[in-house]
Amino acid sequence: MPPENSASRALITAAVMLAVVMQVLDLTIVNVALPHMMGSLHANSDQITWALTSYMVANVIILPLTGLLVERYGQRKLMLWSVVGFVIASALCGQSHSLAEIVLWRFIQGIFGAALAPVGQTIMLGAYPPEKRGQAMAILGIGIMLGPILGPTLGGYLTDTLSWRWVFYVNIPFGIMAFLLMQMVPDSGKSAHPRPVDWLGFALMAVGFGALTAVLSLGDQEDWFSSRTIIILTLLTFLGLFFFVWRSLTVAHPVVDLRLLRDRNLSIGSLGIGIFGLALFGTMVILPIMLENLIHYEAFTAGLVMAPQGFGAMLAMMLAGRLLGRGINPRNIVIAGIVFGAYGSWLTTQYNLDISPGWVIWPGFIRGIGFGLITIPLFTLAFSTLSKAQQAEGSGIFNLMRTLGGSIGIAVVSTVMTQETQVGWSQMGGHINAFNPNLQNYLDAAGLTPNATTWQVMGNLLLNSQASMRGILDAFMLVLWGFLAMLPLILLLKKPKAVVAPGGAPGH
């Protein structure tokens, strides 16, 4: 039963919001600190993204267990333990002095952070009466969107004024406040007869998804299938995922009930949100590296020019909720979001090393509108043909695909960026020679003479930066194709008979 006391409801909302914002903030606050972490942890731009990827892989592995953990321990106890573990792991992340350490602690941080958002959503739904659950989800949605808005700006400020370690230490006060307020949350959800856990299925899923992410992240560094490590990881990916799917379709209580994917809207919607995750998190990786390493923005400035993407997303989510409430076909809203997202991404493919801040702000804002128009209507479409009893299991699949898409997206975008930078360096470097008349004209115009110092400057500064920019533009092009790939999928979705708001309550 929802609490009748509005003050108790407000405290529960504050507790959930603190926990959820802390977890969502950690997805974006780290991005602007990546270039600074590279130097401290002796990692290149491809390796440092493991600090993001390991966090998301842990989320992918633990998310399907959330419902089972609630049945065994209850909502409040699970949230309390999650907050405590998340805060301790955050402190250890801040103490890291090597790439291996940061990857380990980020993985543990992801394990404890996985349950915060889905359990927080369930607590919010239980704290409000049915007629106010739409309001509750709107409040939670705004909290979730605070991450893309506050994350880059706050992360940049902390990195510039203190150090990159404070993007992790900032979780400590948030976590302490969330832990104290969480004592007000009623303990519910615990079952006297919890479902059995399919530990074999869980292990197969963890091996399959973990190995897949490792292949994508390490492939370029290890020269793909010329490496024995990549071959072994690929075999583990294939075997783990094959037997995970087989077991999920045959046992009575699978970790993830893949039989629900017979529903066309859920299967296509889940695939769509996976591609969406690639576009969203891929963008959040590319931009800080470009702004700080190539255009030489300070971390705080980079965060400021990235923040409008979050504002655009928040405004678009509010608009999408209103449009759904008025009976607008969610498929049309998603298509509009794809158009905005694709246009904003196309603008980024026109970047060069001399762009002004406005060229980052406006494409980001437009792309954010696309993100916001896609999220809630796609959720609505994916769940519109499921029965109420199937929605909890369907939510596990949907959230799993969103997080997995983000994890794979970070790995793929980082690989494309690194590989195309090397290709660009080789191709453009071939034109820097004393026999190229165009190069001679360039040197004459710049007042330079062809000597050893000139070749060093050309190679180490100009060529490196231009090759890196080429790799980044190719990564942006991949994000653009991600948006376009969603369009034919959306056209295959069935129009819902009734609008279903996030959380399963019919929209009004």
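The values are calculated or read from the model by the stated rules, or taken from the named source; none is laboratory data. Because the structure is a prediction, the values reported are computed rather than measured. Counting neighbours? That spans all protein chains shown, and the Cβs are built from the backbone with ideal geometry, glycine included. Areas reflect the complete protein model, heavy atoms only, side chains present, ligands, DNA and RNA absent. Shrake-Rupley method; radii C 1.70, N 1.55, O 1.52, S 1.80 Å.
Over all pairs of different C-alpha atoms, region 267-340 has a mean inverse distance whose reciprocal, the Kirkwood radius, equals 14.4 Å. Working note: Karplus 6.51/-1.76/1.60 with θ = phi - 60° gives region 254-267 the couplings x, 4, 10, 7, 5, 5, 5, 6, 5, 6, 4, 5, 5, 5 Hz, where Gly and Pro are set to x. From most to least packed by mean Cβ count within 10 Å, the peptides 401-410, 341-350, 117-126 give 401-410, 117-126, 341-350. The string of couplings for region 25-34 from the Karplus curve (6.51, -1.76, 1.60, θ = phi - 60°) is 4, 5, 6, 10, 5, 6, 4, 6, 8, 4 Hz, one whole number per residue in order, with x for Gly and Pro.
Quick one: what does P(r) look like for region 210-321 with 10 Å bins over all Cα pairs, in whole %? Here the calculated profile for region 210-321 is 11, 22, 29, 25, 12, 1.
The portion of the accessible surface of region 10-112 made up by carbon and sulfur, rounded to a whole percent, is 71 (1.4 Å probe; DNA, RNA and ligands excluded). When peptides 179-186, 232-239, 289-296 are ranked by their average number of other Cβ atoms within 10 Å per residue, the highest-first order is 289-296, 179-186, 232-239. As a rough guide to protection, the peptides 158-166, 80-88 ranked by mean Cβ packing within 10 Å, highest first, stand as 80-88, 158-166. Against the compact-protein benchmark of 2.2 N^0.38 Å, the Cα-based radius of gyration of region 251-380 scales to 1.24.
Extents of region 28-113, largest first, come to 44, 21, 20 Å (Cα atoms, principal axes, whole angstrom).
Of the residues H193, H253, ranked by 1.4 Å probe accessible area with the largest first, the sequence reads H193, H253. Over region 166-300, accessible surface divided per residue gives 47 Å², non-protein components excluded, 1.4 Å probe.
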